[in-house]
Structures are given as structure tokens and as C-alpha cells.
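First up is the structure itself, then whatever we jot down about it.
Coordinate-derived values only; no laboratory data. Model, not experiment: these values are computed from the prediction. Note that we place each Cβ from the backbone using ideal geometry, even for glycine, and neighbour counts take in every protein chain shown.
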Amino acid sequence: MIQLEYFLLLAAALFCIGIYGLVTSRNVIRVLMSIELMLNAVNLNLMAFSNYLDPASATGQVFTVFVITIAAAEASVGLAIVLSIYRNRDTVDMEQFNLLKW
Amino acid sequence: MESIEAIYEYAWLVPVLPLVGAAIVGTGLISYSQTTSTLRRPAAVFIVSLTGAAMVLSFLLFFSQVQGHETYTRMIEWASAGDFRITMGYTIDHLASLMLVIVTTVAFLVMVYTDGYMAHDPGYVRFYSYLSLFSSSMLGLVISPNLLQVYVFWELVGMCSYLLIGFWYGRKPAADACQKAFVTNRVGDFGLLLGMLALFWATGSFEFEVMGDRLTELVTTGGLTTGLAAIFAILVFLGPVAKSAQFPLHVWLPDAMEGPTPISALIHAATMVAAGVFLVARMFPVFEQLPTVMTVVAWTGAFTAFMGASIAITQNDIKKGLAYSTMSQLGYMVMAMGVGAYGAGLFHLMTHAYFKAMLFLGSGSVIHGMEEVVGHNPALAQDMRLMGGLRKYMPITATTFLIGTLAICGIPPFAGFWSKDEILGSTFEVSPVLWAVGWLTAGITAFYMFRMYFSTFEGEFRGTNKEIQIQLKREQLMAMGASLGPGAMNSKELTLDAEAHDDHGHHSEVPHESPIAMTFPLMALAVPSVLIGLLGTPFANYFEAFIHPPGEAVEALAEAGGAFDWSEFLIMGGSSVGIGLIGITLAVMMYRTRQLDPSAIADRIKPLYQLSKNKWYIDEIYDVVFVQGSRKLAKQVLEIDVRIVDGLVNLAGFVTLVSGEGLKYLENGRAQFYALIVFGAVLGLVLLSGIT
Amino acid sequence: MDFSALAAQLNAGAILPEGIVIITLITVLVGDLIGGRASSRWTPYLAIAGLFAAIVALVYQWDTANPIAFLGGFNSDALSVVFRGIIVLSAMITVPMSIRYVEQSGTSLAEFIVILMTATLGGMVLSGADELVTIFVALETLSISSYLLTGYMKRDPRSNEAALKYLLIGAASSAIFLYGVSLLYGLSGGQTRLSAIAAQLAADSSDAPIGLVVALVFVIAGIAFKIAAVPFHQWTPDVYEGSPTPVVAFLSVGSKAAGFALAIRLLVSVFPLVSEQWHFVFTALAILSMVLGNVVALAQTSMKRLLAYSSIAQAGFVMIGLIVGTEAGYASMVFYLLVYLFMNLGGFTCVILFSLRTGTDQISEYSGLYQKDPLLTLGLSICLLSLGGIPPLAGFFGKLYIFWAGWQAGAYGLVLVGLITSVISIYYYIRVIKMMVVKEPQEMSDSVKNYPPMRWNLPGMRPLQVSLVVALVATSLAGILSNPLFTLANDSITHTPLLKAAIAEQAAAMVSHTETVETIAIAPQ
């Protein structure tokens, strides 16, 4: 049997990769992808807990479905914003989005 | 009787009626000043009738109290927070009702007098409103039931005095004088406030008797050292020291003569200065338990009495002479309180109020007459060297002035004799040294008062003597700082002679008697000056029966007073009359018959003469020590404030602004940086929480 | 299937206010679809009416016998009622403010209102959510609507950038929050209802496992993002500066209030085992917020950015009430949020008015406004003075209550920092007022010189005026006549059983703490 800890470890690793991607990507789309990665890492966490701790009532799995939905909504909104910013600024380089500062 | 009770319930009207008058006239002056200034007679009638009504009410209360009505007190709660409660109200007991009568009668007569005296003054209506305000404050003071309320009215009375001394505020000496009065009184009031608060802290109450009882308790049980209690009481005594012009806070009273004469009579002779003595009387339950304090009070009074008299003998200004005389007589009153002669002190307060008011009003009448001859220059109109022989021209004034002089000298059967004699008698029982000081002062008093009388009313009229006028003007200019004499470059010197030959500024060659508005009060006041002493004769002392210190039973007093000793009376009375006669004789010889030459005597005792003429140089000392000294101190403190305190505050502000400017660059506008900070913070917090 | 029976079983009546909001939202949407451009004349008023009806429904919910609904997913106790009221009220005042602004920018008003009401809905459900899934969904509803609102002005690159930043940081924080929630789910062995989680955690062990601390910190990260506490505040100035001003108004009040509601409910129910830890974390957050918010605000030149930093600092003050954990602490939080609603919305209304007329946001452009527009000057001055805590305005009483609650509970350091930073804050508020009032006519800025005359009959200006006046009146009087608000705040705390237990525990902890201190003091003898 694969132990619960391995799933948690994997989820943590994915989460950290997502953080790294969020912080270092230059492309906005890449950043959005990293956010999705982070959310999916959490999904893994929830599924693992649900499977190992409380398999009878699949609360965690239901929670996961909710999270997937919301992540999709968030991603669509994010992409819409990226699109409008691209229309105005003609770039998707994170370093260029510096109008509001100090 | 119910009607009598009703009067007590309406006793609060006594101070309120003049206040209403002052408020209405004052508001009229502020809002419609043109109209109100022209309504002179109506305003005067209005205010005088309000004061008259207050006077009638006071008399009714007095008679009720004489007939044995008990003390009536009415209080309302003014502020309370938990255990702490302040009550205000009024109390009518024997002393209060007596003071009410004195204040209202003198105020009424002074107001009538004002109509004549200030008839040509543009500030006529303003004067009446101030007078009314003062009367209201003084009346409120005497019916105050506790020390806190006394303090409130004390300050009000001081403020009215300030307004009235500086009434002719365009004149620099008047403006200076009213400031001096205010500042000097402030020193005394500060002591009073500190003492009042200290006593409240120690005893928890502002009521006089309660304070006295609790203070005695604390001292006997050791909760408070006698020294500390004495310090508290002396702090409270500082208030009367200033208000009643005792040494060392007496310096304002002579300068206060810059105000119009009616107020010199009302405030600085009869009532306000007596407020100090009144407060000592009210604080008697506290003071009499502390022998140190009583000694301080007695010696202050004695010293002041002597000092005032010693300065009065060389004064040339008629009002200043009377001012020093007032100071001296107040010293007597304070000394009487200090030796425990409660009744005697208050008796002298009453007699002095009447005859001193009359003397001042008489001097006002004289000045009024002199102004017709020499013009409206106080340096000329008030100087006795320019007067003389006024008895022919102003007989009523002269007669009443003579009555007042006899009264103050302590010649029986006039009022002053009985009161002064009682004081001297009580003082002798306590301390012969004090008695000696008082006795000598009585002689000096007689001397200078008759000097004044003779210089003013007897002999030849010197008002038209040009040489004296020039000399007086020269003295006035020298006092204002100009340098005269050969070689002086002052243009005023040239005009002096020119003015002397100028006829403008006076209307007649000889003075005339004053109008009835002014002479009626003089005559009215002459009556009590003669007769009121008979209320307090040692053989049938109605006064003592009426006015006694709280806590002393009437029977005990009657017993003590009953043992009247004729021989004692004759010795004491005789000695005081004797020294009075010696003083009068000296005055006669120097100023009437010219057998002795005053200037020769002055030359013989030159240093003493200068000391007396320059008011013991106290004004000069105060100027150097306090005025210049505090200015220097203020300059130093200003340096510290600007450099150090301001510097610190500015530094704090500067540091904050600079850090704001620096920290704002943390927001560099890059979203990924923000995300990094978020993750960093989370990591940091996990580590921190995990470790702790 | 019997619908009404199901509804009764689930106690659906608890979400009646939310239902009203949904119905209004749908009506506005459909009405705009049918009516077209002309519908913008009545849709805002319909929205206001609907929100008002929601408030009325909330009033009826005040003291219900059974507040639990949806099998423990929603809790409409007094605390949630008061916070839902705050959020609805903030939306109700934001709608009139936004009519003119949105019209002038040429975008659709109805969509704006719909998204705004969605955000309101999300905030309301978040205030009463008692279960992990509900919390997350409501939180995301609120957040995503806020991202859309922030980026509403599509043509304005600043609005776009603000939306992007908001989304990125918000999504990151949501992810962290969700991770923490998943850990909670795991630690409690599969429970999602907050009360059940708490019970499970208490039953498992009395000691706090490291997992719980990690979950705590992650959850706090999500909450702190919502309430803009330092160091999770970096998005606030940029988003406030770039968004359309009515959106900023709503975010600064409604979104923050929802965050605080979540904070109270989540932290108090689930984390009593680690209450020391979260008190410590929040103390650090509060001090940093108060200091940084006030100090950096001193250096700002843009009005909206200034108000952003000021709202960071105000959140710091409110956190003091959260930390002390006494009844007075929570009540003072609620009271302050109520008062903060009016003064902040009033301030933003004035900023909107000014930017509509002059198109600029710089503080220096406000010079000499007093000559041209006294009403605006008065409104802005009063709101800023109230924010600074000047008596007799409402802000003073709010701050007073919080500081008193803090002092009474022994949080002397916090209160001292709060007082000092309040003093610092007065500087930048008064600087603006000084610009407006004191400057001579010749020192007027260009914008003020060219100030267009007042035209109140343009569509949407009247509602602006109304909301300004309402906010002004409330700010001026809510302090002096604060008794009703005060009782409301107090009652909301005392009627909430969740908090009663927490307050009792806190009091016990404080007593035992002092006892241990005393025993330690006595022992060495």
C-alpha cells in the first residue's frame, strides 16, 4: 500500500513547483498555469485525505470537484483579464506591467 | 411668619438684581452702543433702583436675623461624580446679613453720588453697568456658603475691580494701575487656590466649620503635622493679604486711585478690600485652631497698619493719602482677627466702611471742585499743595470730611473710637508689643488725617498759585522720565512756562460746592459715622452679641462681656484718645498755625522722609526682583523651548516622514515580487510559530 | 419530492436575504437584456430596493431560534447577521455612487450592478458559512467578482493591470488558503463542518500537532490577504489606485468586512487549541499594518493610494479587537466596521465627485477646492477627520472603543502603537484638508481653476449627492448618537453562542495566566 504521506509529499512538491512558477515566470500565461498547478496540488491533498481517512463519505472528493470548478472559473476570468491587457499593452510580459507602483 | 420665610427664599435676588441691571445695560452697550450711551439718566435710575431694591431686601433680612431668626441655608447640587459633590447656594447668617446691609447701603449711596461726579464723562453708562456688576459680585461673595463659591465670587470681584480701575483706559497710568492690581491680586488668589485645594485634600470639604473640625481632628490625631496645616492656612490667608492690601501685596492699592473716585470709595475703601477681612472671619474656625497662623495674621496686620500710616504722612495726593490710610485701617482689622478679637475686627470693618466711604466721596467732591479751577489734570486737581481754605467754598464737604477725620482718629463719641479702642483693648490682652504698634499707629493716623484736613480745607486757597502749579507739573514730568533743569533738551520744559500763563482748561477762579447728587450721600454717610459706634460700646455691646465667631455660644460671650471694667476702659480709651490728641496737636502746629515748619523737620530726618515719600521703595524692589527677573527667566526658558523641545518634536516628525518615503519603495509594482513576499511571509510565520 | 418539506428540513429560510439578492440580480440582468440601454434608468434603483429588502429580511433574522441551516453549512447567528448587514449596506451605498461613474465611462451599468451584487452575495454567504466547502466557494465568489469589477474599465490600462495583480495575488492566496483547509480536513479525519473539526481536534489530542500550526498559518495567509494586513497587503495600493473608484469603495468596506467575518468564525471555532499562536501572529500583523500603513501613507501623492494605505492601517486597528478576544474586543470590531463603512464610503464618494469633474486623482490638484465646491470640501473634510479619529465624529468613538477594549484586556503595547500611529495618520488626513481649505485663490491648482460648474441634473448625480449626504450625516452623528450602533454591536456578540464560549475561555486563560505569574512571583521567596 502506498502510504498517505507519499501523496501528501507529492502534493507539497507540486505546490512548491507551482510557487516557483508563479514567482519566476515572465509570461503571464505561465503564471496562470502555475496557479492551476497549485490548485491541483491541493486537490491531490484532498483526494488523498478523503481516500485514506474517510473513504465512506467521499467529502474530500466532493470538495475536489468544487475546487476544480472554481479553478476553471478563476482561470477563465484570468484569461479574460490577460486578453484585455494584451489588447491595451500589446505584451504579456510580467515585467512590463509596472504602471502602478510606489 | 411665612412672609419672613418668603424673604429668605428670595434672598438670592439680592445679588441677582444688580446683575440683571448690569447684564441689560451691558448688552445694550455692546449691541446698541450709540443708543444706550445717550440714555444716561434712565440707565442710572434703572440701576440705582435695582440696587435700592436689593438694599431694602437686605435690610429686611438683617432685621429678621437681629430678631433671632436662625441661619438659613439653601443649596443646589452643581456637579457630582461619584463621591465627589460640589454644592452651590447661599447662606444668610448674622455676619452675612450685616455685610449685605453694609455693601448695599454704601453701593446705593455711591451710585447716587456717581450721577453727580461722572455727569460729564462719556463713559457714564458703562460705569454704571460696571458698578452694578461689582455690587452683584460682592453681594454674592458675602452670602457664599462654602470656600469654593467664595473663590468664584472673589475672582469676579477682582475682575470688576480691574475693569473699574482701568476705567479711563486711554490714560497710561490707569492702564498700568489696573494691570498691577490684577497681577498682585493674582498672586494672592493663587495662594488662596492652593490653600483651598490643600484643605480640601486634607479635610474633604469646602464648608468652613467642617474644615475647621476635621483639621483639628487631623492635627490632634497626627494625620497632619501642625506645620503642614499651618502652611495650608497661611496659603489661604494669602488671598486676604492681596485683597485687603496687606504687606507685602499692598502695592496695588495706592495705584488703584487712578480709577474714578466713586469706585475708590466703594471698592477700595468700603467693600472689596473688606472682603479679605470677611474671608478671614469665615475661615475663623480653621485659623483659630492654629496659633502659628493667628500670630502670622496678627503681625501682618500690625506691620501693615504701621507701614500704611508711616507712608501716609508724606503723601501730597489726597487720594493716595486716603489709600494708605485705608491700608493702615485694614491692617487694624486683620490684626484684630489675628488676636482672636473677631467681633472687634468686624465692628471696625463696619465703622470703617462708612466713614472711609464718606472720606473718599468727600475727596471726590474736593477734586470735582478743584477741576473747575485747575483743569482736568490729576496731578494738579488732586494735589493738596494746591488746595487750602476750601471750607469757605464747600462747607458741606468740609463738615462731613471733618466728621470722617474725627471718626478715623478715634475721638469719642464718633464711630471710630469705639471700634479702634476695642481692637486695642483685645490686642493688649494678647500681646503688649502688638498693642504698642497699634497705639503708635493711632497717633500717626490722627496726625496725617488732620494734616490732610488742614491742608485741604483751612488756610488760604492756593489753587491759583502759578508757581506751585509749575512745580507740580515739573514733578509730574520728572516722574514720567523726562529730564529737566538747565541744559535739558526737552521741549516740554519750554511749554511749561507757556502753559502757566495760559488760561484755557479752567472755568473759574474759585471752586464751588458740589451738586446735591454728591452732597446727599456725604450727609447720609455722616450719620452712621457718628452714631453707629454706639452699637458696640463696651458697656452695652449689641454688636458682639450679634456677631460672634461660629461655635461660641452667646451665653459664654455674655458672661465674658458682662464683666465690664470701668477702670480698664478708662485706661485703654484714655491712652488711645491721648495719643490721638498728641497727633492732632502736632498737625495743628505744623499745618494750621505754622508754628513748626514741615520742610525743616523733613530736612532733619531726610532719609526717613525719603523712605516714607517713596513708599519704602517697595515698588522699586518688586520691579527689579519680580518684573525684570521674570522677564529674564522667561527669555531663558524660551531658548530651551525653541532649541530642545521644538527640536525633539521636529525630529520625530522628520524621522517619520523620511521612513515613509523610504518604505514606499517596497511597492515596486511587480506582481511576482508581491507573491514572493506572500510566500516568504507564510514560510516565516510557520517557522516562527513552530519554534515558539 | 416535496420541495417545501426539503426547504424546511434544510432551514432554507436562513438564506432569505441571499435569496432576495439573487432574485434582484437576476431581475436586473434580464431587465437589461430586454430593456437595453434605457434600462440603466431604473436598474440601479431596483438594485437598491432589492438590497434594502435584503436588509429588512436580515432584521427579521436577528434572533432566530435555530440559526443552523443546510445541515450545518450555514449559520445565521447574530454575528453573521450583523456582518451580512454591513456588506449589504456597503453595496447599497456603492450602487448610487457608481451610476454616474459607469455612465461617464461608457460601459454597461447593469453588468456592473450584476457583478457587484454577485460579490455582495459571496460576501454575505462567507459571513455565515460554517463549513469548509461553503467557505471556499463563497470566498471565491467574492474574489472572482472583485477581480472582474477591478478590471471593469477595459480600455484603461491601469484598470487592467490592477485586475491582473489582484487576480494573481488573490489566486495565490486562495491556493494557500485552500491548502491549509485541506490540511484541516485531513487533521480532523475527514470533517468539513467547523464545529465537527473543532470537536475532532480537541478529542484527538490536547497538544497542537505541527500540522495544525501549518494549517493555521496557511489559513491566516488567506484571511490576511482579504483584510489587507501587512505583509499580505502589497496588492492593495495598486488595486485601489487602478480600479474604478466605486469598486474601490466596495472593496475597502465590503470585502474587508467579509474577511473579518471569516477570520472571527474560522479562528474562533476551529483553532482554540492554538489560540496563543494565532494571537501572536495577528499581533505581529496588526503592529506591522498600523505602522506601515500609516507611515507610507505620509509619502503618497495619489488620493486613492492614500486611502488604500489608510485602509491597511484601519484594518490594523480592527485587528486589535480581534486579538484581545474579549466581549468588548469583538463588539468594538463590529462597531468600528459599522462606523468605518460610512466614513470610508463618504470619502470615496467625494473622490468620485472630484474625479468626475476634473479627471485627476492627485492630492495636489485638490488645492483651493473650498472656493469652487464647498459641499465636496465639507464632505471630504468630515470623512477624513472622522478617519483620523477627531472628536466628535464617529471615527473617534470607534477608535476609542477599540483602544479601550484593548487597554482593558491588557494589550498595552498594541494600544500604544495604535495611539502613536493614529497621531501620525492625522497628519496626512489634515494635509488633504489643508490643501482644500487653506490655500489662497491664487494657489488654486489648474484643475480647480478650470472646475466645471455644478450640474446636478445629469443622470446619476443626484444619487451621488444623496449617498454623500447620507454618509456625511452618519459620520457626524454616529459618534454622538452612537448608542443604537453600540447596542447593536454588543448584542451581536452576546447573542452568538460561538463567541460566548470563546470569550469565557479567554477570560479563564487570562486569569490562570495572572495566577501563574503570581505563583511564580511568590515562589522564590
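Most tightly packed first, judged by the mean number of other beta-carbon atoms within 10 Å of their residues, the peptides B:204-210, C:122-128, C:44-50 read C:122-128, C:44-50, B:204-210.
As a proxy for reagent exposure, C:256, B:632 were ordered by neighbouring Cβ count within 10 angstrom, fewest first; the result is B:632, C:256.
The charge dipole of the stretch C:28-113, taken about its Cα centre with unit charges on the Cβ of Lys, Arg, Asp and Glu (plus for the first two, minus for the last two), comes to roughly 220 debye. When +1 charges are put on Lys and Arg Cβ atoms and -1 charges on Asp and Glu Cβ atoms, the dipole computed for chain C relative to its Cα centre reaches about 1560 debye.
Of all lysines in the structure, those lying under 20 Å Cα to Cα from residue C:449, and not within fewer than 8 positions of it along the same chain, are C:372, C:434, C:439. In the stretch B:334-483, a dipole from Cβ-located charges (positive for Lys and Arg, negative for Asp and Glu) runs towards its positive end, and of B:446, B:347, B:337 it is B:446 whose Cα lies farthest in that direction. Simple rule: put +1 on each Lys or Arg Cβ and -1 on each Asp or Glu Cβ in chain C, find the dipole, and look at C:215, C:310, C:139; the Cα lying farthest toward the positive end is C:310. In terms of other Cβ atoms within 10 Å, B:646, C:361 run from fewest to most in the order B:646, C:361. Cross-link partners of residue B:466 among lysines, defined as those whose alpha carbon lies under 22 angstrom from its own and excluding same-chain residues fewer than eight positions apart: B:392, B:492. Summary value for chain C: 15 percent relative contact order, contacts being C-alpha pairs under 8 angstrom separated by 6+ residues.
Taking the Cα centre of the stretch B:150-234 as reference, the dipole from Cβ charges on Lys and Arg (+1) and Asp and Glu (-1) amounts to some 520 debye. Under the criterion of Cα pairs below 8 Å and six or more residues apart, the relative contact order for chain B equals 12 percent.
When peptides B:438-444, C:332-338 are ranked by their average number of other Cβ atoms within 10 Å per residue, the highest-first order is C:332-338, B:438-444.
Long hydrophobic helices in chain C: the complete DSSP H runs spanning 30 Å or more by Cα along their own axis with mean Kyte-Doolittle hydropathy of at least 0.0 are C:78-105, C:157-187, C:275-297, C:303-324, C:327-358, C:412-437, C:497-522. Per-residue mean of foreign Cβ neighbours for A:85-96 is 3 (Cβ atoms of other chains, 10 Å radius).
The orientation-averaged projected area of the convex hull spanned by the Cα atoms of the stretch C:409-521 comes to 13.3 nm². Counting Cβ atoms of other protein chains within 10 Å of each Cβ in A:25-32 and taking the mean gives 2.
Can you work out D for the protein assembly as shown in µm² s⁻¹ from Stokes-Einstein, where Rh is the Kirkwood radius over C-alpha pairs, the temperature is 20 °C and the viscosity is 1.002 mPa s? So the translational diffusion coefficient is about 56 µm²/s.
Per DSSP helix of 4 or more residues, -39500 (n - 2.57); summed, then divided by the residues of chain C. What does that give at 222 nm, rounded to the nearest 500?
Value at 222 nm, helices only, nearest 500: -26000 deg cm²/dmol.
Relative protection proxy for A:53-62, C:108-117, from highest mean packing down: C:108-117, A:53-62 (other beta-carbon atoms within 10 angstrom).
Taking the C-alpha atoms only, the angle from helix B:124-142 to the longest principal axis of chain B is near 80 degrees. Exposure proxy shown here: for B:445, C:141, A:24, the number of other Cβ atoms within 10 Å sets the order, fewest to most, as A:24, C:141, B:445. Note on chain B: semi-axes of the ellipsoid equivalent to its C-alpha gyration tensor, largest first and rounded to whole Å, are 50, 36, 27.
Compute the separation of the alpha-carbon centres of the stretch B:350-402 and the stretch B:256-325 and state it in Å as a whole number. Cα centroid to Cα centroid, the span is 22 Å. Take the Kirkwood radius over Cα pairs of chain C, plug it into Stokes-Einstein at 37 °C and 0.692 mPa s, and you get 140 µm²/s for translational diffusion. When the trypsin sites (Lys or Arg not before Pro) in the stretch C:25-112 are filtered for DSSP coil states and for at most 10 other beta-carbon atoms within 10 Å of their beta-carbon, no site remains. For the peptide C:146-158, the mean number of other protein chain Cβ atoms found within 10 angstrom of a residue's Cβ is 3.
By the rule of a C-alpha distance below 16 Å, with chain neighbours fewer than 8 residues away ignored, the lysines paired with residue B:319 are B:356, B:613, B:615.
Taking the C-alpha atoms only, the angle from helix B:226-243 to the longest principal axis of chain B is near 60 degrees. Taking the charge dipole of chain C about its Cα centre, with +1 at Lys and Arg Cβ atoms and -1 at Asp and Glu Cβ atoms, the residue from C:86, C:98, C:179 reaching farthest to the positive side is C:98.
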